[in-house]
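Undergrad: Dumping the structure here so I can ask a few things about it.
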Amino acid sequence: MSGNHAEMKRVLVIGACGQIGTELVLELRRRNGNNSVVAADVKDHCPEALSNGPYRCMDVLDREAVRAFIQNDSFDEVYLLAALLSATAEKNPDLAWRLNMEGLFTILNLAKEGHIGKIFWPSSIAVFGPSTPKTNTPQQTIMEPTTVYGISKQAGERWCEYYFQKYGVDVRSIRYPGLISYTSLPGGGTTDYAVDIFYHAKRENRYTCFLKADTRLPMMYMSDAIRATLELMSAPSDSISVRSSYNLSGCDFTPAELVAAIQKNQPDFEATYAPDFRQSIADTWPGSIDDSVARSDWGWQEAYGVEKMVKVMLENINVQLLT
Ligand code: NAD
Ligand code: AKB
């Protein structure tokens with residue numbers, strides 16, 4: 001076992017079984033000790049990947065149960081990841097709004113009452129909309145999201161800032177771009193093509209992409225996203241000038257550029273394009289992000305560009321996850 005366990009923080013991750021949660025829990029346990037990090041999710045059973053520490057079946061919409069659990073066992077840090085992502089949210093707007101907002105209020109209020117030391121709540125590039133400048137989208141700009149998911153993330157950002165300013169709640173947030181990883185499957189987003197493509201490249205050597213070839217979107221390799229999250233969470237409070245959510249950039253590419261990068265490793269790989277309803281979501285999002293505020297406030301610096309990310313994904317992807 002590695003990591004410095006001197007402090008033994010009590011940490012809770014809600015939505016732990018998802019694409020980000022799985023890797024975040026493992027890294028938090030590596031740093032803080034397995035028993036200090038409780039993984040919680042609405043799923044009945046703890047997945048094998050998270051079986052090295054405590055697991056709690058928790059529906060974040062069951063406010064009283066969440067309150068009782070957290071009040072009973074105060075946490076230094078809570079990471080609230082449970083949400084419906086962009087594509088799934090468009091299919092179920094009511095649930096998306098409830099899940100994405102009510103869980104946040106429950107956790108913000110518990111922090112306001114002193115039961116939680118620090119909160120991490122992720123926002124998304126989905127807070128931007130068709131009227132936002134598409135290239136090098138600034139930290140502060142026009143934000144008129146047109147998706148249920150984007151509207152919920154924008155509202156969440158405003159509430160986070162409000163709870164910080166009004167009640168001193170230490171809540172920190174990042175506007176993640178599309179995240180790319182191989183440990184667990186993505187959960188219903190518009191950027192999921194950039195993960196799916198690797199499974200199909202490995203299994204069938206071909207892929208039909210649900211976005212057009214020239215759709216540029218901001219993306220990031222998961223280990224960069226986890227590191228950014230933990231760097232933000234450990235930054236001194238007075239270095240954090242943004243209490244809504246930080247822009248964060250890793251790389252950006254189009255499906256055609258990703259295909260070309262895969263073909264450098266797998267020359268016979270072929271892709272075709274059959275855009276579906278997710279195209280109209282992607283069309284409203286930025287192509288690239290200006291994250292200079294995160295860089296100057298807490299020293300953000302990505303480690304993965306497209307080529308390095310593609311190599312790691314092709315080496316590690318496990319097609320068994322698809323079955
Ligand atoms: P995911 O869909 O993979 O995981 C979400 C997890 O939440 C799932 O394990 C699900 O079972 C759990 N969950 C759903 N309803 C729940 C409930 N009622 N109570 C408790 N748990 C519940 O999502 P993810 O990709 O890991 O994203 C996590 C967070 O990061 C979300 O807020 C998402 O909006 C944000 N985000 C993700 C990305 C990305 O590319 N993955 C990008 C931007 C923002
Ligand atoms: C999605 O596509 O919905 C997510 C996101 C960028 O928030 N990956």
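The values are calculated or read from the model by the stated rules, or taken from the named source; none is laboratory data. What you are looking at is a predicted structure, and each value in this text was computed from that prediction instead of being measured. We place every Cβ from the backbone using ideal geometry, glycine too, and count neighbours over all the protein chains shown. What goes into the accessible areas is simple: the full protein's heavy atoms, side chains included, and nothing from ligands, DNA or RNA. Shrake-Rupley method; radii C 1.70, N 1.55, O 1.52, S 1.80 Å.
Undergrad: So which pairs qualify, if the first residue must be in segment 176-192 and touching a residue at least 12 places away in the same chain (Cβ under 8 Å), the second must be among the basic types (Lys, Arg) and open to solvent by 10 Å² or more (accessible area, probe 1.4 Å), the Cβ gap must be under 8 Å, and the two must be at least 6 apart or on different chains?
TA: Thr190/Arg278
Undergrad: Confirm whether Pro93 is more than 23 Å from Gly250 (Cβ to Cβ), in contact (Cβ under 8 Å) with a residue 12 or more places away in the chain, within 16 Å of ligand 2 (Cβ to nearest atom) and open to solvent by 10 Å² or more (accessible area, probe 1.4 Å).
TA: In short, yes.
Undergrad: Kindly indicate whether Val66 is under 14 Å from Gly103 (Cβ atoms) and crowded, with 17+ Cβ neighbours inside 10 Å. Step through it out loud before you land on a result.
TA: On the way: under 14 Å from Gly103 (Cβ atoms): yes; crowded, with 17+ Cβ neighbours inside 10 Å: yes.
Yes: the conditions hold for Val66.
Undergrad: Name every residue in segment 13-72 that is small (Gly, Ala, Ser) and assigned to a helix (DSSP H, G or I), in order of residue number.
TA: Selection gives Gly21, Ser36, Ala49, Ala65, Ala68.
Undergrad: Another question, if that's okay. I'd like to check which helices (runs of 4 or more DSSP H) are fully inside segment 131-242 and have at least 1 residues that are away from ligand 1 (no atom under 16 Å from the Cβ) and aliphatic (A, V, I, L, M). It would help to see each step written out before you state the result.
TA: Numbers: elements: 148-167, 193-203, 222-234.
The helices (runs of 4 or more DSSP H) meeting that bar are 193-203.
Undergrad: Looking only at residues that are modelled with pLDDT under 95 and among the small types (Gly, Ala, Ser) in segment 147-200, which one is most open to solvent (accessible area, probe 1.4 Å)?
TA: Out of the qualifying residues, it is Gly187.
Undergrad: So in segment 106-125, with the set limited to residues that are open to solvent by 10 Å² or more (accessible area, probe 1.4 Å) and part of a helix (DSSP H, G or I), which one is farthest from ligand 2 (Cβ to nearest atom)?
TA: Lys112
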